1. For peptide A:39-45, what's the mean number of Cβ atoms from other chains within 10 Å of each residue's Cβ?
2. With θ set to phi - 60° and the Karplus curve 6.51 cos²θ - 1.76 cosθ + 1.60, what are the ³J(HN,Hα) couplings of region B:47-64 in order, to the nearest whole Hz, using x for Gly and Pro?
3. If you take the square roots of the eigenvalues of the alpha-carbon gyration tensor of the protein assembly as shown and sort them as a ≥ b ≥ c, do you get rounded (a/c under 1.5), prolate (a/b over b/c) or oblate?
4. Could you list which residues have their amide H under 5 Å from that of residue B:15, counting only those 5 or more apart in sequence or on another chain, with H placed in the peptide plane?
5. Just B:71, B:56, B:99 to compare: in a GNM of chain B, with alpha carbon springs under 10 Å, which one fluctuates most?
6. For region A:38-53, what does the Karplus curve 6.51 cos²θ - 1.76 cosθ + 1.60, with θ = phi - 60°, yield as ³J(HN,Hα) per residue in whole Hz, taken in order and with x for Gly and Pro?
7. Express in whole angstrom the spacing between the alpha-carbon centres of region A:61-86 and region B:18-39.
8. Taking H as built 1.01 Å from N, whose amide H comes closer than 5 Å to the amide H of residue B:104, not counting residues under 5 places away?
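A short reminder: the numbers here are calculations on the coordinates, not readings from a lab. Source: prediction; values computed, not measured. Cβ placement follows ideal geometry from the backbone for every residue including glycine, while neighbour counts extend to all protein chains displayed.
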Amino acid sequence: DAGVIQSPRHEVTEMGQEVTLRCKPISGHNSLFWYRQTMMRGLELLIYFNNNVPIDDSGMPEDRFSAKMPNASFSTLKIQPSEPRDSAVYFCASSSRGQDYGYTFGSGTRLTVV
Amino acid sequence: DQQVKQNSPSLSVQEGRISILNCDYTNSMFDYFLWYKKYPAEGPTFLISISSIKDKNEDGRFTVFLNKSAKHLSLHIVPSQPGDSAVYFCAASGGGSEKLVFGKGTKLTVNP
């Protein structure tokens, strides 16, 4: 398995533009997580899905952020409009209930909003 | 309110010596704890875990100790190697939830 695949690896955009981050989880994993990493707040959970259904979106910072999981093999995290304070590394992770090693993370998307 | 705290942002040790990374938690519902290792430009990767029914788990050079009464866990790496240089995250889950709550990480540097 190729692991969790995220795209793009890097994104530079101007303030006010829409940004879409993409994630392909590991086949067979039924839970998907979006995390954001910043120096100030560390790794914080934004939202997670189980069987394609959003379970907990309490970490989504504001209405500018939205996430979808239309099927078991694809998820998006969208920021519209983007702001400089959204600059961070965004990680997607997937897992299967019962495994004892937590999540498998993707390599992340480094977002810079100028 | 941070539920998982790693109070040391960085740690430097000599190759061959022991590295001890510490983690404290506040939520009594947490019953499963994990350590992840992260290299630059990569995602975190699972290292070792421990359930609250145990107080120690060992995997090769890595041992995790859990002190439930103190709400404290630690990761021991013996002997430390330069390739162990990375950021180490402590994480916890509990209450039947799949959510992992992470600490802010400790950057370990192992000097040759």
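1. Per residue, the number of nearby Cβ atoms from other chains is 5 on average.
2. Going residue by residue, I get 10, 6, 9, 8, 8, 5, 7, 10, 10, 7, 9, 10, 8, x, 7, 10, 9, 10 Hz, with x marking Gly and Pro.
3. Prolate shape, in that a/c is at least 1.5 and a/b is the bigger ratio.
4. HN-HN under 5 Å from residue B:15: B:111.
5. B:99
6. 10, 4, 6, 10, x, 8, 10, 6, 8, 7, 9, 10, 10, 6, 6, 9
7. Rounded to whole Å, the Cα centres lie 29 Å apart.
8. Those lying under 5 Å, H to H, from residue B:104 are B:6.
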